[in-house]
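What follows is a set of notes on a single structure, which appears directly below.
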Amino acid sequence: MPLIALEDVRKRFGENEVLKGVTLRVEPGEVVAIIGKSGSGKSTLLRCINGLETIDDGSIMVADAKLGSSELQLRKLRLKVGMIFQQFNLFPHLTVGRNVMLSPIVSKKAGTAEAEALARVMLQRVGLAHRFDAWPSELSGGQQQRVAIARALAMQPMALLCDEITSALDPELVNEVLGVVRSLAADGMTLLMVTHEMRFARDVCDRVVFMHQGRIHESGPPGEIFNRPATPELRQFLGMIE
Ligand code: ADP
Ligand code: MG
């Protein structure tokens, strides 16, 4: 059974139909890259999956729960699916450890000791256990993004959605963040990531989905998508000469 299943999902903003019937299944432990031009609907797709946006038509299932539009359902869904953004948005007035502890305390009603233990484990996982008491401003962008990953992991999500999480980083900091994602993938985490890192998508992902004008235009194993793109749109996106 897929962990995430989208069936003919449609989403519009006013007159602008941004998702024009997207069907996608992600199996447990699968690592899927979403590529495509700016404006093709990649972020909207992720935001619909974790309930930050409601959908106009179709259905989204996460595990066995159908995504309806009631606030309660959306809130439950967000607890199951973690999301990491381009901007890390750590709370500047909280230490690294407190940033990671916050969600379990607020959303899962974890006690302080339990949340702290969990935060230490998750910071260990991203290689930052020793920065528990540091302030976000003392960390590099790459380290801050790794804390954001630990913060998402502290909710013990069934899947992680990553939206261009290395795009705001200086080039020399990209690899430390991708390294963490790579290790999560190796541990069996289900990942759905919008990325411009084609090399990474080729090396780490099980499947690549190419979005074009609100639709999944092509999808397949990285070898196929990158070496034998079937459509002119994908060839153009990949910078291949027509
Ligand atoms: P991508 O992530 O592939 O760049 P997006 O999903 O961010 O694409 O955007 C797809 C389209 O939806 C764009 O035309 C964008 O302007 C529009 N859009 C996204 N979010 C909103 C919003 N909250 N309100 C209105 N239009 C939006
Ligand atoms: Mg986007």
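Any idea how many residues of segment 165-175 are surrounded by fewer than 20 Cβ atoms within 10 Å (Cβ to Cβ) and under 12 Å from the mean Cα position of the chain (by Cα)?
Selection size over segment 165-175: 0.
Inside segment 27-56, can you point out the residues that are assigned to a loop (DSSP other than H, G, I, E, B), within 17 Å of residue 161 (Cβ to Cβ) and of a type outside the set (A, V, I, L, M)?
Those that are assigned to a loop (DSSP other than H, G, I, E, B), within 17 Å of residue 161 (Cβ to Cβ) and of a type outside the set (A, V, I, L, M): 27, 28, 29, 30, 40, 41, 50, 51, 53, 54.
Identify, by number, the condition in (1) more than 13 Å from ligand 2 (Cβ to nearest atom); (2) among the hydroxyl-bearing types (Ser, Thr, Tyr); (3) under 17 Å from the mean Cα position of the chain (by Cα) that residue 44 doesn't meet.
Condition (1) is where residue 44 drops out.
Are any residues in segment 19-42 of a type outside the set (Asp, Glu) and surrounded by fewer than 20 Cβ atoms within 10 Å (Cβ to Cβ), and if so, which ones?
Once the filter is applied, which keeps residues that are of a type outside the set (Asp, Glu) and surrounded by fewer than 20 Cβ atoms within 10 Å (Cβ to Cβ), segment 19-42 yields 20, 21, 23, 25, 28, 29, 37, 38, 39.
Collect the residues in segment 159-175 that are more than 16 Å from ligand 1 (Cβ to nearest atom) and in contact with a strand residue (DSSP E or B) (Cβ under 9 Å, 6 or more places away or on another chain), keeping them in residue-number order.
159, 160
Among the candidates 19, 24, single out the residue that is in contact (Cβ under 8 Å) with a residue 60 or more places away in the chain, away from ligand 2 (no atom under 16 Å from the Cβ), part of a strand (DSSP E or B) and of a type in the set (A, V, I, L, M, F, W, C).
Exactly one residue qualifies, and that residue is 24.
Listed here are the residues, each with its yes/no results for (1) part of a helix (DSSP H, G or I); (2) within 16 Å of ligand 1 (Cβ to nearest atom); (3) surrounded by fewer than 15 Cβ atoms within 10 Å (Cβ to Cβ).
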site	(1), (2), (3)
143	yes, no, no
157	no, no, no
177	yes, no, no
184	yes, no, no
192	no, yes, no
199	yes, no, yes
203	yes, no, yes
209	no, yes, no
234	yes, yes, no
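Here are 55, 49, 60, 35: which of them is within 16 Å of ligand 1 (Cβ to nearest atom) and either in contact with a Cys (Cβ under 6 Å, 6 or more places away or on another chain) or not hydrophobic (A, V, I, L, M, F, W, C) (or both)?
When all the criteria are applied, what remains is 55.
Name the single residue that is farthest from the chain's Cα centre (by Cα) among those in segment 84-101 being closer than 24 Å to residue 192 by Cβ and surrounded by fewer than 21 Cβ atoms within 10 Å (Cβ to Cβ).
89
Filter segment 5-18 down to residues that are within 17 Å of residue 54 (Cβ to Cβ) and among the aliphatic types (A, V, I, L, M) and give me whichever is surrounded by the fewest Cβ atoms within 10 Å (Cβ to Cβ).
Among residues in segment 5-18 that are within 17 Å of residue 54 (Cβ to Cβ) and among the aliphatic types (A, V, I, L, M), the one surrounded by the fewest Cβ atoms within 10 Å (Cβ to Cβ) is 18.
Give the residues of segment 172-215 that are closer than 19 Å to residue 81 by Cβ, among the β-branched types (Val, Ile, Thr) and touching a residue at least 60 places away in the same chain (Cβ under 8 Å), sorted by residue number.
190, 194, 195, 209
Within segment 47-83, take every residue that is among the charged types (D, E, K, R) and within 16 Å of ligand 2 (Cβ to nearest atom) and give me the one that is modelled with the highest pLDDT.
Step by step, filter segment 47-83, then rank; the result is 47.
The values are calculated or read from the model by the stated rules, or taken from the named source; none is laboratory data. Keep in mind the model is a prediction, meaning the values are calculated, not measured. No Cβ is skipped: glycine too gets one built from the backbone with ideal geometry, and neighbour counts run over all protein chains shown.
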